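Asks: Sharing a structure, written as structure tokens. Questions coming.
The values are calculated or read from the model by the stated rules, or taken from the named source; none is laboratory data. Predicted, not measured: the structure shown is a model, and the values here were computed from it. Heads up, the Cβs are rebuilt from the backbone with ideal geometry, glycines too, and the neighbour counts pull from every protein chain shown. With ligands, DNA and RNA removed, areas are computed over all heavy atoms of the protein, side chains included. Shrake-Rupley method; radii C 1.70, N 1.55, O 1.52, S 1.80 Å.
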Amino acid sequence: MATKKAKKAAPKKAAKKAAPKKAAPKKAAKKAAPKKAAAPKKAAKKAAPKKKAARKPNAAFMKALTPSADLAAVIGNKPVPRTEAVKKIWAYIKANKLQDAKNKRMINADAKLKPVFGGKAQASMFDMAKFLNKHLS
């Protein structure tokens, strides 16, 4: 029985020695892979400028819209694009510190903003676009 155990032990040692030999070729393969990966990165950089040149702004965003009387009290009565109206609302909110201190997503309405927010004392920043839409035409 001792000889059977000795024979069984020998293949295990051989198997352990075989494992490091397999690991060595993997290291060599990893070294070769980064060289191949570097070439596609250069090709991707060349393709990027073409995409930037083809992009055009959407004219619908730049269309000047007239604010309602309630909104004009906050941003002025000149026709402005929707994007500018949002920027001016945010400038007003930041200047008057109307953003809620605990939950930054909520905006506390003052006397000028309350009619814009549909009479609500507090509105979410995500609902602001919905309320602005009603006051721009």
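Asks: In vacuum, with every alpha carbon of segment 94-136 counted as one equal point scatterer, what does the Debye formula give for log10 I(q)/I(0) at q = 0.15, 0.21, 0.31 Å⁻¹? Two decimals, please.
Replies: Treating every Cα as an identical point scatterer, log10 I(q)/I(0) equals -0.32, -0.62, -1.19.
Asks: If you take every residue apart from ALA72 with its C-beta less than 13 Å away from the C-beta of ALA72, what net charge results, scoring Lys and Arg +1 and Asp and Glu -1?
Replies: On the way: positive: LYS78, LYS88, LYS112; negative: ASP70.
Surrounding charge for ALA72 is +2.
Asks: Using a 1.4 angstrom probe on the protein heavy atoms only, line up MET106, MET128 by accessible area, largest first. Walk me through the numbers before you get to the answer.
Replies: Numbers: MET106 45, MET128 10 Å².
The ordering from most to least exposed comes out as MET106, MET128.
Asks: Residue-wise, which Karplus ³J(HN,Hα) couplings in Hz belong to segment 78-85, taking 6.51 cos²θ - 1.76 cosθ + 1.60, θ = phi - 60°, and x for glycine or proline?
Replies: 6, x, 9, x, 4, 5, 5, 4
Asks: Then there's this: To the nearest 10 square angstrom, how much accessible area does THR66 have with a 1.4 angstrom probe?
Replies: Only protein atoms counted, so the area is about 70 Å².
Asks: For ASN77 paired with LYS112, estimate the spin-label separation in nm (one decimal), with each label point 7 Å from Cα along the Cα-to-Cβ line.
Replies: Rounded to a tenth, the inter-label distance reads 1.5 nm.
Asks: Separate question: Less than 14 Å Cβ to Cβ from ALA123, Lys/Arg counted +1 and Asp/Glu -1: what total charge do the surrounding residues give? Kindly include the intermediate steps, with their values, before the conclusion.
Replies: Numbers: positive: LYS104, ARG105, LYS112, LYS114, LYS120, LYS130, LYS134; negative: ASP70, ASP100, ASP110, ASP127.
Spelling it out: positives minus negatives among the neighbours equals +3.
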